[in-house]
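Written out below as structure tokens is the structure these notes cover.
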Amino acid sequence: MNETNFEHAIYAVLLQIAVGVLTGNWWIGAAAGVFFFLGREHAQFERKLAVAGGTVGTLNPLAGFQLWKWSLDSQLDLAFPVAATLLVALGWHLGVSVPFVVLFSALVLLNVADAVLTVRVLDAGGRELNPVMAKAMSWIGVVPALVVVKVVALAAFYVGLGVQAPDWVYTPHVTAGLCGFYGLVVCNNWRLVAAQA
């Protein structure tokens, strides 16, 4: 198990959210997320088979679907999106709703993790890719900029959705999507910190 397994689950759920919001059907969104990664892992396995002997065009069309021959990492890269999207679709089907305060709390925790890991990446010689944050860092310093920008952004988000639009049908979807985005940011920063260790 590694960070790409979790990243793929987040990507699949983000795709599921997009399709689910557009179609109103979270099972279709789950299928979109799962089939994207099924196609990805299938193509990677076909490439390995082709490298081992011949071209992709000479392979049996079903050769890439031999899941039992995939590497464990490839199997997990598919299993995590399957589990994550099924959980979300099942929750939607059963009418389970996650309160805004829970999703917002997760968003705050992810932002804290992002800030801590960003400091470690910058201390090791990395650079800030967010131009707004980079400019703020050049003005007031790394830690103050992280605190001020994140607190202001989270407060604005909370007031905008949690206070002004708590009953908006897309409030949980937008919040969950942001959690997914910051989940990917945290995974990337974690990978950079691990590479620098």
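The values are calculated or read from the model by the stated rules, or taken from the named source; none is laboratory data. Computed from a prediction, not measured in an experiment: that's the story for all the values here. Here the Cβ is made from the backbone with ideal geometry for all residues, glycine too, and neighbour counts use every protein chain on show.
One table, with the values for the structure above:
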item	result
Every pair of residues 6+ apart whose Cβ atoms lie under 6 Å, when the first sits in region 15-26 and is modelled with pLDDT of 85 or more while the second is buried (at least 19 other Cβ atoms within 10 Å of the Cβ) and polar (S, T, N, Q)	Gln16/Thr85
Residue within region 12-22 that is assigned to a helix (DSSP H, G or I), polar (S, T, N, Q) and more than 28 Å from Cys187 (Cα to Cα) present	no
Count of residues meeting criterion [under 23 Å from the mean Cα position of the chain (by Cα) and acidic (Asp, Glu)] in region 124-168	1
